[in-house]
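To start, the structure under review is shown below, and the notes come after it.
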Amino acid sequence: MKAAHQRSGNSTRARQVDDKGAQPHLVTADDAALLSALPIAAGIFTLNRGKLWVLGVNTLFYELAGCNGSPEAFADFFRRYSDGPGGKFIRSYLGAPDTAADEMDFADGDGPRRRFVRMKLAPLQPLEPGQSRCLVSVIDRTSEVQSEHALRSQMVRDSLTGLANRLGFTETIEEITANSGDCKHAVLVVDLLRFSRINESMGSIAGDELLITFARRLMSALRGGDVLARTGGNEFGILVSLRRGAEDALTAASRILDVMSAPFQISDLDIRVECAIGVAMMHVGDDAEELFRNAQFAVKQAKQTGRPQIYEPKEASLARRRFSIETELRRALDKDQLTLCYQPLIDLKSGEVSGFEALARWNHPDRGEISPAEFIPVAEESGLILQLGRWAMDSAAQTLAGWDREAGDRLPLYVAVNLSAIQVARDDVAGVVSSALRSSGLTGDRLSLELTESSILQDPGRAMRVFEALKALDATVAMDDFGTGYSSLAYLQRLPIDVLKIDKSFVSGMMVDTDAVAIVRAVLSLAEALGMSTTAEGIETVELATTLATLGCASGQGYYFARPLQAEAAMDYWNSRRRSGR
């Protein structure tokens, strides 16, 4: 197909020529006026016996085509592009203008001369019946697209290290998952530990220098084809290819740890850094963001274990359950859906009930009974233990006061309430106890506060002040689960502790393990030497109860006597043992 054009003002008059001979067709005066009036490159096209014809174009179209007004150059341009995507797009529209697409973006050329254009089509009145025409307008979007690309490049790149940022990294993962059928890749997340200490002590400039140097070392540990990105303040993501599955991923993590073992020289100081590495294996259909979060989850485990960890879905499922438990526990506390049960504390010498230990219970309306072994750690981790502890203290005191009112007298009973190490560290424990005593009308000697060894070890000074404040309220202080931690005998001597509770792990093994018996004997002797009383946990047989009483243990609790009871049942239990003379 050939095309020859004559310029007229800002438009052209076109004479179309096919391969067999001239068949002139001039644009109308209205067409010429339309093309001249348009402020963008435009032309009028038609189909003639299935071939694409150009009826006229304006000067801007010539300029966009780079023809400098030359009809011969335009003819060459037209031949080159008429069979390309643009020509096919126009022919498709002219064949079915009511249903075909009327807009298309395409790129032309390579390298610096690459141009981006947008073509829009609009129908025109046919000059002859059955011969459709359309107005083709072309917009050069090269500058716009280049600006978008530059902005996009900034959006996906970290300004400090020049590496891809998290957005760029996850996009790379998406490309791999979309284009790779075998998915033989893994995502590593490397967390630079204790980085905030460097920023705080040496300043942000030194911190930035360390990050840049750290990134260079990471790069040196990678193989060709691996992708490195800075995905957070002191966090880096790595996409590694695998030949031997998880073994290769752990090998890559080992290389990283090796290159980071040498100290970094920052501001004339040699700084040794540690990092935690989490690994997530790529599988078909994985979402890029989820894969990255999986690796981040593995980092948390790596911080705990001190070695690289591969993401395990089971662990993540447990973490999601813990988060769900946290959310619902907060709601349950707000709606007062938890209850206290009371396990009897038995005087092993007389067999009488001397008190009750208050134990939190949670019967979820949908999940059913949720074990304290599950929700108490969640409460401690989330900080809800403060609200839970205050509720338990007040509820236990109110229950004991209610028993007094029901009996019409002050009962010879006390109630023991557990205190978490988190409460000792963060809450005004003495204030909580004092408030519970005031609201219930009880005296301090009716309460026993049970603390674990960890509450002492975290901050011995604060523990001492808390213990002394509790003793000032006349409350009893008991050390719970004694023997399972690492208590210093000096603490036992200095702290105002009244009772040592022997952990059930020692008690339950007494009948079959001579070492357990020796430990229990030692604890009993130690308590006697320090003027403390003792309580044994986990008594489940009459033999254990008898043996402990013989060894001199003051009191005990366990399923042999009773399981934790609802408040009303606990009072009935006390009455029944009193009537039986025990």
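The values are calculated or read from the model by the stated rules, or taken from the named source; none is laboratory data. Everything numeric in this text was worked out from a predicted model, so none of it was measured. Cβ coordinates were reconstructed from backbone atoms using ideal geometry, including for glycine residues, and neighbour counts include every protein chain displayed. Accessible surface is based on the protein model in full, side chains and every heavy atom, while ligands, DNA and RNA are left aside. Shrake-Rupley method; radii C 1.70, N 1.55, O 1.52, S 1.80 Å.
Quick notes
- Extension gain, ALA33 to ARG243, is 68.9 nm, computed as 0.36 nm per intervening residue step minus the present C-alpha separation.
- Per residue value of the accessible surface for the chain (all protein chains in place, 1.4 Å probe), Å²: 50 Å²
- Cα-based convex hull volume of the range 197-324 per residue, rounded to whole Å³: 129 Å³
- Distance between the C-alpha centres of the range 386-411 and the range 525-574: 22 Å, rounded to the whole angstrom.
- Computed from Cα positions, the angle between helix 71-82 and the longest principal axis of the chain comes to roughly 40 degrees.
- Estimated distance in nm for a label pair at ARG197 and ASP445, the labels positioned 7 Å out from Cα along Cα-to-Cβ: 5.0 nm
- Maximal additional length on extending the GLN387-LYS349 stretch stands at 9.9 nm, based on 0.36 nm per residue less the C-alpha distance.
- Reduced Cα scattering model of the range 324-482, Debye log10 I(q)/I(0), q = 0.16, 0.20 Å⁻¹: -0.94, -1.36
- The share of C-alpha pairs in the range 48-143 whose separation exceeds 24 Å stands at 21 percent.
- Shown for the chain: lysine pairs separated by 8 or more places, or found on different chains, whose C-alpha atoms are under 14 Å apart, numbering 5.
- Label-to-label distance, nm, for residues given as ASP105 and ARG330 (7 Å Cα→Cβ offset): 4.1 nm
- Just so you know, the Rg over Rh for the chain is 1.28, from Cα atoms, with Rh as the Kirkwood radius.
- Based on C-alpha pairs under 8 angstrom that are at least 6 apart in sequence, the range 248-366 has a relative contact order of 15 percent.
- Volume of the Cα convex hull of the range 414-498, divided per residue and given in Å³: 81 Å³
- When restricted to Cα atoms, the range 494-554 yields an Rg and a Dmax of 11.1, 36 Å, respectively.
- Relative contact order %, the chain, counting alpha carbon pairs below 8 Å whose residues are six or more apart: 8 percent
- Residue-averaged 222 nm ellipticity for the chain, from DSSP H runs of 4+ at -39500 (n - 2.57), nearest 500: -14000 deg cm²/dmol
- Projecting the Cα atoms of TRP403, PHE61, ALA107 onto the charge dipole of the chain (Cβ charges, centred on the Cα centre) puts PHE61 farthest toward the positive pole.
- Kirkwood-type hydrodynamic radius, the range 328-368: 12.1 Å, calculated from all non-identical alpha-carbon pairs.
- Angle of helix 372-382 to the longest C-alpha principal axis of the chain, folded into 0 to 90 degrees and rounded to 10: 60°.
- In whole percents, the pair-distance distribution calculated for the range 358-452 from its alpha-carbon pairs, binned every 5 Å from zero, is 2, 13, 23, 22, 16, 13, 8, 3, 0.
- Convex hull of the range 171-240 built on C-alpha atoms - directionally averaged projected area, nm²: 5.0 nm²
- Contact order relative to length of the range 206-280, as percent, for alpha carbon pairs under 8 angstrom and 6 or more apart: 27 percent
- Net charge over other residues, Cβ less than 13 angstrom from the Cβ of VAL520 (K, R count +1; D, E count -1): -2
- Only protein atoms count toward the accessible area here, which uses a 1.4 Å probe; on the range 252-360, the carbon and sulfur part of that area reaches 46 percent.
- The mean of 1/r over all pairs of different alpha-carbon atoms in the range 67-209, once inverted, gives a Kirkwood hydrodynamic radius of 20.7 Å.
- Here the spin labels are modelled as points 7 Å beyond Cα on the Cα-Cβ line, and at ALA206 and GLN337 they lie 5.1 nm apart.
- Percent accessible area from carbon and sulfur atoms, the range 434-557, protein chains only, probe 1.4 Å: 52 percent
- Apportionment of accessible area to carbon and sulfur, the range 91-207, percent (1.4 Å): 49 percent
- Averaging Cα coordinates gives a centre for the range 278-296 and one for the range 499-514; these two points are 46 Å apart.
- Using every pair of separate Cα atoms, the Kirkwood estimate puts the hydrodynamic radius of the range 266-315 at 12.1 angstrom.
- In degrees, nearest ten, helix 85-95 long axis to first principal axis of the chain (Cα): 80 degrees
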